[in-house]
Amino acid sequence: MTQPSLLKIALTQCCPRCGRGKLFSGLLTVRERCDVCGLDLNKHAAGDGPVVLVMLVLGTILVVSAFYVDIHFEPPLWVHAIVWPVVGLPLALLLMRPLKALFVALQLRHNTPDI
C-alpha cells in the first residue's frame, strides 16, 4: 500500500498511512485510531509546531496589512480593533487543521516518536 502524498493529507485531513480514514475527531483533536487501517494516532502528536507556524506567518501578514491600512486610509483605532480579529481568527483556524495534519504525517513518515 502506498502512502498518500503530504499535500493530500494536509488538504483532506485524512489518515497519513491509508489516506481514507479521518484524522480529526473534533476541530483540532486528533483521533486515537484510524477507522480504516487502525493506525495508532496517539503516538503521533503535532505539538506546538502548527501553532508557531501560523503565528509567525499569519501574524506577519496581519501586522503588515494593519500598517498598510493605517498608513494609506488612516481609520480610527476602533476599526482596527474590530477588523483584524475578525479577519485573523478564521484564517488561523483555517490554517491550523491542514498544518496539524501535515505535522502528524511528517512524524509518521520520519518515525519520530512523540516525546
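Descriptive notes on the structure:
- Comparison of 69, 54, 83 shows that the only residue that is touching a His at 6+ places or on another chain (Cβ under 8 Å), over 17 Å from residue 8 (Cβ atoms) and surrounded by 12 or more Cβ atoms within 10 Å (Cβ to Cβ) is 69.
- Summed over the stretch 1-24, the residues that are farther than 16 Å from residue 100 by Cβ and touching a residue at least 60 places away in the same chain (Cβ under 8 Å) give a count of 2.
- Residue 19 being touching a Ser or Thr at 6+ places or on another chain (Cβ under 9 Å) and at pLDDT below 95: yes
- Among the conditions (1) touching a residue at least 24 places away in the same chain (Cβ under 8 Å); (2) surrounded by fewer than 13 Cβ atoms within 10 Å (Cβ to Cβ), residue 91 misses just one, which is (2).
- Residues located in the stretch 59-115, provided they are hydroxyl-bearing (Ser, Thr, Tyr) and modelled with pLDDT under 95: 112
- Subset tally (residues that are assigned to a helix (DSSP H, G or I) and either farther than 25 Å from residue 88 by Cα or not hydrophobic (A, V, I, L, M, F, W, C) (or both)) for the stretch 30-56: 2
- Residue check for residue 27: surrounded by fewer than 12 Cβ atoms within 10 Å (Cβ to Cβ), touching a residue at least 12 places away in the same chain (Cβ under 8 Å) and either not small (Gly, Ala, Ser) or not in a loop (DSSP other than H, G, I, E, B) (or both): yes
- Residues satisfying the stated conditions in the stretch 1-24, i.e. of a type in the set (D, E, K, R) and assigned to a helix (DSSP H, G or I): 8
The values are calculated or read from the model by the stated rules, or taken from the named source; none is laboratory data. In this text the structure is predicted, and so the values were computed from the model without any measurement. Note: ideal-geometry Cβ built from the backbone for every residue, glycine included; neighbour counts use all protein chains shown.
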